[in-house]
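As structure tokens, the structure follows; a few thoughts come after it.
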Amino acid sequence: MKRPPQVALIIESSVSYGRSILRGIARYMSSHYRWSVYFEQHELGTAPPTWLPFSHWDGILCRPTDPALARRFQRMKVPVVDLNDLHENLKLPWVGSNHRAIGCLGANHFVERGFRNFAFCGFSNELWAAQRRDGFRAVVEKASPPIPVYESPWRGSAVSRWDLEIEHIGSWLNELPKPIGVMACNDARALHLLNACHQAGILVPEEVAVVGVDNEEIFCELCNPPLSSVAPDAERIGYQAAELLDQLMSGQSAPRQRILIEPVRVVTRRSSDTLAIKDRTVAAAIRFINEQALHGCSVTDVVKFVGASRSYLERRFRQHLKRSPQAEIRRVQGSRVKELLTDTNFTLERISELSGFEHPEYMSVVFKRLYEQTPGQYRKQMRASSQNPPIQSPPVAARPMARSKS
């Protein structure tokens, strides 16, 4: 009888990112030939067990891969999928987050809210943090000068004492123009920003809006105010890494390119739930759109609410947001449609009702115009990339059973 493959999972379980990777691996195994796995709980940054290279494995999934360990793996001639975020060009098949796309997503979150001032707070000499910073810059520096960046060591003997680090960040924030959108390289760094704002008497989000990365839900909710955060798709990383390892163990060739997994979305909480627009008419219009677009509001409704002419509102919107009021309504509705297509099994009729469209046919036309694919194509794409089960449509209430005559 064929024995199951012996697979080592060297992945941290102390943070949600690692646990989500493990969840993705488990989902893959639940629908494919199961492995016999070695796994032990450990913290992020823990070195792999010293005996790992000396044991027999059919495959390895490894997060703390470094150049020395990569060379050891290559000498072992064992299929390995590298999941590390600290080193490039280790000459191993690799699956991981598209960190530049994470930075772009954070930047667009601020741009959509009308911010004109931006900054980034990261850690120095960290590959993943630098890639997130570069993605953020690629968006916000298109039409503006280079943005302020604060970076300091995350690990090692050069790390500043916590209270001094908060003081330094506060001094940096005090010098920045307000209002400003500041992206942190991860949620832990975002907490530094929030603490620094509190100590310096800076209002969040009115003066400094903050977005982190990783969406550690309990962590984000415990922050004051609750922290907005970019949610990476770590579960998909685990699933695709397991799928790739299965292919390698069956004798298939390794892909030539690194497999980049796109982030999911920005989970908006109080730390960035604001509009950086001093024009009261535009700010009031955007707030009205955010509240009413999913109920089917029109530009005429917006004009009546703010008490301004349509032409005036059009001019002010293009000045502050570079788009029209109608485009803003469609942006809010389109985002809701994408969310429902991804997270539910609702019919297009039900989705159109929940996103402010009177007819599903028109919703489909608008969606294709916005995203260059039909709702069905988008749903199929997202289902293929995510293993999370969608929310089912609510069941139709059953009719009461007729009582039999006695």
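Highest mean packing first, where packing is the average number of other Cβ atoms within 10 Å per residue, the peptides 216-222, 65-71, 129-135 line up as 129-135, 65-71, 216-222.
When DSSP beta bridges are restricted to pairs lying wholly in the chain, around 10% turn out antiparallel. Annotation for Val267 and Ala143: the two label points, set 7 Å from Cα along the Cα-Cβ direction, are 3.2 nm apart.
Toward the positive end of the charge dipole of segment 280-385, with +1 on the Cβ of Lys and Arg and -1 on the Cβ of Asp and Glu, the farthest Cα among Gln377, Phe357, Thr300 is that of Thr300. Summed over qualifying helices (DSSP H, 4 residues or more, each -39500 (n - 2.57)) and divided by its residue number, the chain shows a 222 nm mean residue ellipticity of -14000 deg cm²/dmol. You can think of it this way: the chain between Leu354 and Asn108 has 86.1 nm of extra reach, that is 0.36 nm per residue less the Cα-Cα gap.
Projecting label points 7 angstrom from Cα along Cα→Cβ for Ser55 and Leu127 puts them 2.5 nm apart. Each of (1) 44, 21, 19; (2) 39, 24, 19; (3) 40, 32, 18 is a candidate for semi-axes √(5λ) of the Cα gyration tensor in Å; the one calculated from this structure is (3). Under the simplified labelling scheme, the Lys77-Ser250 pair shows an inter-label distance of 2.3 nm, with each label point 7 Å from Cα along Cα→Cβ. Each peptide among 284-293, 251-260 gets the average number of other Cβ atoms lying within 10 Å of its residues, and from highest to lowest they stand as 284-293, 251-260.
Computed from the coordinates by the stated procedures, all read-outs in this text should not be read as laboratory data. In this text the structure is predicted, and so the values were computed from the model without any measurement. Cβ sites come from the backbone with ideal geometry, for glycine too, and all protein chains shown count toward neighbours.
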